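Colleague: One structure is given below, represented as structure tokens, and several questions about it will come after.
The values are calculated or read from the model by the stated rules, or taken from the named source; none is laboratory data. It should be emphasised that the depicted structure is a prediction, and the values quoted were computed from it without experimental measurement. Note that we place each Cβ from the backbone using ideal geometry, even for glycine, and neighbour counts take in every protein chain shown. Only protein heavy atoms, including side chains, enter the accessible area calculation; ligands, DNA and RNA are left aside. Shrake-Rupley method; radii C 1.70, N 1.55, O 1.52, S 1.80 Å.
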2 protein chains.
Amino acid sequence: MNEIFDLLFKKVNEKVSLSEAEQEICKSFFIYKKIRKRQYLLQESEVCKYTAFVVKGSLRLYTVNEKGAEHVLQFALEGWIIADLYSFITGEPSSYNIDALEDTEVLLLSKSAQEEMVQLVPAIQQYYYLLMQNAYVALQRRMTIAISQTADEKYNNLLATYPEIIQRVPQHMIASYLGFKPETLSRIRRKNL
Amino acid sequence: MNEIFDLLFKKVNEKVSLSEAEQEICKSFFIYKKIRKRQYLLQESEVCKYTAFVVKGSLRLYTVNEKGAEHVLQFALEGWIIADLYSFITGEPSSYNIDALEDTEVLLLSKSAQEEMVQLVPAIQQYYYLLMQNAYVALQRRMTIAISQTADEKYNNLLATYPEIIQRVPQHMIASYLGFKPETLSRIRRKNL
DNA sequence: GCGTTTTCTTGACAAATGTCAATGCTTTTT
DNA sequence: AAAAAGCATTGACATTTGTCAAGAAAACGC
């Protein structure tokens with residue numbers, strides 16, 4: 001079962017070059033885990049101890065407010081990484097939840113494991129820096145859309161940028177991710193036929 | 001005029017430790033620049049060649065859409081860094097503008113200068129990584145607010161988190177930053193007296 | 001200081017989005 | 001296969017936010 005790491009190193013090698021030996025070292029730091037649909041990877045008030053690289057399946061990061069309303073902050077499909085970075089960095093309890101939208105397989109990496117790995121394989125530090133940069137740029141783009149576009153435009157933008165999310169994620173979660181209500185999304189879809 | 005670098009190294013030393021010698025090396029890579037109020041640091045369709053550390057004054061990063069409407073994506077006060085990171089990284093023309101809200105002083109750092117500096121002073125790499133992480137976490141928090149709160153809540157949140165922005169930035173820019181119209185902000189302020 | 005420009009406020013009205021409730025359709029569970 | 005739970009759609013109506021236009025206040029430039 002070594003193809004578990006195939007996608008991970010494919011992604012890593014798009015940004016930096018790792019030798020076979022280095023790859024073997026890295027492998028030892030990850031924890032492979034299967035999660036069933038609807039199962040939590042992180043629950044509010046827990047500390048986020050791991051970042052999760054998605055090997056197969058999909059997950060969401062979301063908050064639940066006082067009134068019980070959920071707000072999806074991020075989705076993660078195959079090849080993406082998901083975590084509450086704030087809690088992961090600071091060690092403080094998370095105010096987010098992460099759960100699986102389908103049966104899912106992830107590679108977990110703790111903070112200490114990442115630090116050791118970076119010591120042994122310095123090139124991987126660069127990978128994480130670039131990853132962080134990309135994540136920031138992508139989030140900045142999403143923020144631009146959030147403050148400047150209508151519900152209709154936001155949806156069509158997502159459709160154009162990440163069609164796979166639209167296909168695989170329930171509509172009420174997509175509405176939540178975009179910042180409006182499921183009924184609004186339903187009406188947008190009807191209008192755009 | 002060496003106090004130009006005081007704030008920069010104060011910020012850096014909050015995260016990593018640099019010797020006097022290392023600090024001297026770093027200084028040589030920055031370009032000190034004064035900008036008058038309303039002057040551009042970056043204009044749409046130019047490549048963003050520098051990140052700018054704000055020594056004094058304030059700036060904004062914003063887009064202008066087809067209809068001429070401005071949308072402010074970021075403010076930067078003293079001690080903050082501002083740039084269109086996407087253009088900076090990729091070398092592609094920017095779709096953003098940066099201009100000064102007051103007479104402002106900045107320390108510019110080009111991509112190549114940053115790369116050389118990191119070679120000579122490796123600790124600074126760690127600083128930039130942590131900076132990136134913090135920026136991401138802050139933006140994620142802002143995104144959560146953007147998708148889950150009303151105009152009123154967004155404003156009060158900003159007021160609680162960054163009161164200095166509210167004090168120093170014109171209201172119509174704050175409204176733009178929060179994703180609604182100046183008239184709406186005006187009404188929120190009246191109601192909350 | 002004085003005129004000019006920019007910014008802020010207000011009101012009346014329009015448009016977008018939210019709320020609530022009912023219904024039918026899927027998917028999951030047993 | 002039946003029952004239950006979750007999800008999407010729709011309509012009527014409420015609320016929030018945007019638009020436009022006018023005037024007042026503040027900041028700026030000379």
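Colleague: I'd like the full set of residues that are closer than 22 Å to A:Asn13 by Cα and either buried (at least 19 other Cβ atoms within 10 Å of the Cβ) or in contact with a helix residue (DSSP H, G or I) (Cβ under 7 Å, 6 or more places away or on another chain) (or both), limited to segment A:99-122.
Modeller: First, the residues of segment A:99-122 that are closer than 22 Å to A:Asn13 by Cα: A:105-111, A:113-122.
Within segment A:99-122, A:Val106, A:Leu107, A:Leu109, A:Lys111, A:Met117, A:Val118, A:Leu120, A:Val121 meet the criteria.
Colleague: I'd like the full set of residues that are touching a residue at least 24 places away in the same chain (Cβ under 8 Å) and either surrounded by fewer than 15 Cβ atoms within 10 Å (Cβ to Cβ) or part of a loop (DSSP other than H, G, I, E, B) (or both), limited to segment A:84-98.
Modeller: Passing the criteria: A:Asp84, A:Gly91, A:Glu92, A:Pro93, A:Ser94, A:Ser95, A:Tyr96.
Colleague: Run A:Arg141 past the list (1) more than 13 Å from DNA strand C (Cβ to nearest atom); (2) open to solvent by less than 40 Å² (accessible area, probe 1.4 Å); (3) within 11 Å of another protein chain (Cβ to nearest Cβ); (4) within 30 Å of B:Tyr96 (Cβ to Cβ) and report the number of the one that doesn't hold.
Modeller: Against the list (1) more than 13 Å from DNA strand C (Cβ to nearest atom); (2) open to solvent by less than 40 Å² (accessible area, probe 1.4 Å); (3) within 11 Å of another protein chain (Cβ to nearest Cβ); (4) within 30 Å of B:Tyr96 (Cβ to Cβ), A:Arg141 comes up short only on (2).
Colleague: Could you identify the single residue in B:Ile124, B:Ile188, B:Ile165, B:Ile98 that is within 30 Å of A:Leu61 (Cα to Cα) and not aromatic (Phe, Trp, Tyr)?
Modeller: B:Ile165
Colleague: If A:Leu61 satisfies all but one of (1) touching a residue at least 60 places away in the same chain (Cβ under 8 Å); (2) within 18 Å of A:Ile165 (Cβ to Cβ), what's the number of the condition it fails?
Modeller: Failing condition for A:Leu61: (1).
Colleague: I'd like the full set of residues that are in contact with a helix residue (DSSP H, G or I) (Cβ under 9 Å, 6 or more places away or on another chain) and open to solvent by 40 Å² or more (accessible area, probe 1.4 Å), limited to segment A:153-168.
Modeller: Answer for segment A:153-168, where residues must be in contact with a helix residue (DSSP H, G or I) (Cβ under 9 Å, 6 or more places away or on another chain) and open to solvent by 40 Å² or more (accessible area, probe 1.4 Å): A:Glu153, A:Asn156, A:Asn157, A:Leu159, A:Thr161.
Colleague: Residues to consider are A:Ala175, A:Ala135; find the one that is within 19 Å of B:Ser94 (Cα to Cα) and either modelled with pLDDT under 95 or in contact with a helix residue (DSSP H, G or I) (Cβ under 9 Å, 6 or more places away or on another chain) (or both).
Modeller: Working: A:Ala175 fails: within 19 Å of B:Ser94 (Cα to Cα).
Sole residue among the options that is within 19 Å of B:Ser94 (Cα to Cα) and either modelled with pLDDT under 95 or in contact with a helix residue (DSSP H, G or I) (Cβ under 9 Å, 6 or more places away or on another chain) (or both): A:Ala135.
Colleague: Here's something else I'd like to know. Of all residues in segment A:107-155, count the ones that are outside any helix (DSSP H, G or I), touching a Phe, Trp or Tyr at 6+ places or on another chain (Cβ under 6 Å) and farther than 23 Å from B:Leu131 by Cβ.
Modeller: Of the residues in segment A:107-155, 2 are outside any helix (DSSP H, G or I), touching a Phe, Trp or Tyr at 6+ places or on another chain (Cβ under 6 Å) and farther than 23 Å from B:Leu131 by Cβ.
Colleague: Kindly check whether there is at least one residue in segment A:169-180 that is open to solvent by 40 Å² or more (accessible area, probe 1.4 Å), in a helix (DSSP H, G or I) and within 16 Å of DNA strand C (Cβ to nearest atom). Lay out the reasoning, then the answer.
Modeller: First, pick out the residues of segment A:169-180 that are open to solvent by 40 Å² or more (accessible area, probe 1.4 Å): A:170-172.
Narrowing further to those that are in a helix (DSSP H, G or I): A:171-172.
So of that shortlist, the ones also within 16 Å of DNA strand C (Cβ to nearest atom) come out as A:171-172.
Yes; the residues of segment A:169-180 include at least one that is open to solvent by 40 Å² or more (accessible area, probe 1.4 Å), in a helix (DSSP H, G or I) and within 16 Å of DNA strand C (Cβ to nearest atom).
Colleague: Now for a separate question. What is the residue count in segment A:148-181 for residues that are within 14 Å of chain B (Cβ to nearest Cβ) and not polar (S, T, N, Q)?
Modeller: Within segment A:148-181, residues that are within 14 Å of chain B (Cβ to nearest Cβ) and not polar (S, T, N, Q) number 14.
Colleague: Could you list, in sequence order, all residues of segment A:74-83 that are of a type in the set (A, V, I, L, M, F, W, C), touching a residue at least 60 places away in the same chain (Cβ under 8 Å) and farther than 14 Å from A:Leu158 by Cα?
Modeller: Residues of segment A:74-83 of a type in the set (A, V, I, L, M, F, W, C): A:75-77, A:80-83.
Still in the running and touching a residue at least 60 places away in the same chain (Cβ under 8 Å): A:75, A:77.
Passing the criteria: only A:Leu77.
Colleague: Given the options B:Tyr96, B:Tyr40, B:Tyr62, B:Tyr50, name the one that is among the hydroxyl-bearing types (Ser, Thr, Tyr) and closer than 24 Å to B:Val12 by Cβ.
Modeller: After ruling out the rest, the residue left standing is B:Tyr50.
Colleague: Regarding A:Leu158, is this residue in a helix (DSSP H, G or I), within 27 Å of A:Gly68 (Cβ to Cβ), within 16 Å of DNA strand C (Cβ to nearest atom) and over 19 Å from the mean Cα position of the chain (by Cα)?
Modeller: When the stated conditions are applied, A:Leu158 does not pass them.
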